[in-house]
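Working notes, beginning with the structure itself.
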Ligand SMILES: Nc1ncnc2c1ncn2[C@@H]1O[C@H](COP(=O)(O)OP(=O)(O)OP(=O)(O)O)[C@@H](O)[C@H]1O
Ligand SMILES: [Mg+2]
């Protein structure tokens, strides 16, 4: 999926996330960029629903990492949702298990990926969220 989409509701964000989820595989790194409240965690909820993960996705701001196991037989064993906002650099990111999760075949969905620096692989997917005029309007760009 490539291109720029404008959505007018949370449901539309979830629907885009479900379409995008169909392209994902084990070991993928998905970087979610954009300001506070732009919709990164909300998009992750849509991804998680499409990938049939167990448990609900909440903002991991206070716990940094949340592991979500996918249901039996799913293409991806685990979705790992990271919010790196409170971390400083690659060392911190390694300390929360970045490489271990990838080695275990997880898919990483990362908010504030800037903190991970060169740990972000070349082939990572990048999605940029922008808050537009209007409460529920967002631009979502798949790069
Ligand atoms: N179209 C939309 N897409 C996503 N979120 C929306 C939309 N319209 C309204 N919202 C609301 O905007 C807020 C987005 O918050 P969310 O936690 O997803 O942002 P975030 O980018 O993860 O921020 P942070 O960097 O603080 O983690 C939620 O309260 C959500 O309900
Ligand atoms: Mg968030």
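By the beta-carbon count within 10 Å of each Cβ, the least crowded to most crowded order of 140, 76, fewest first, is 76, 140. Listed by Cβ neighbour count within 10 Å, with the fewest neighbours leading, 43, 5, 129 appear as 5, 129, 43.
Between residue 137 and residue 90, the FRET efficiency estimated from the beta carbon spacing at R0 = 41 angstrom works out to 0.75.
Only helices enter this figure: runs of n ≥ 4 DSSP H residues, each worth -39500 (n - 2.57), summed and divided by the residues of the chain, yield -7000 deg cm²/dmol at 222 nm to the nearest 500. When the Cα gyration tensor is reduced to axis lengths a ≥ b ≥ c, the ratio a/c stays below 1.5 for segment 1-61, which is therefore classed as rounded.
Over the chain, the pair-distance histogram of Cα-Cα distances with 10 Å bins from zero comes to 12, 46, 35, 7, 0 percent, rounded to whole numbers. Cβ crowding within 10 Å, taken as a proxy for footprinting-reagent exposure, orders 107, 1, 78 from fewest neighbours to most as 1, 78, 107. DSSP beta bridges confined to the chain are antiparallel in about 55 percent of cases.
Where a number appears in this text, it was derived from the coordinates with a stated rule and is not lab data. Since we're looking at a predicted model, the values are computed, not measured. Here the Cβ is made from the backbone with ideal geometry for all residues, glycine too, and neighbour counts use every protein chain on show.
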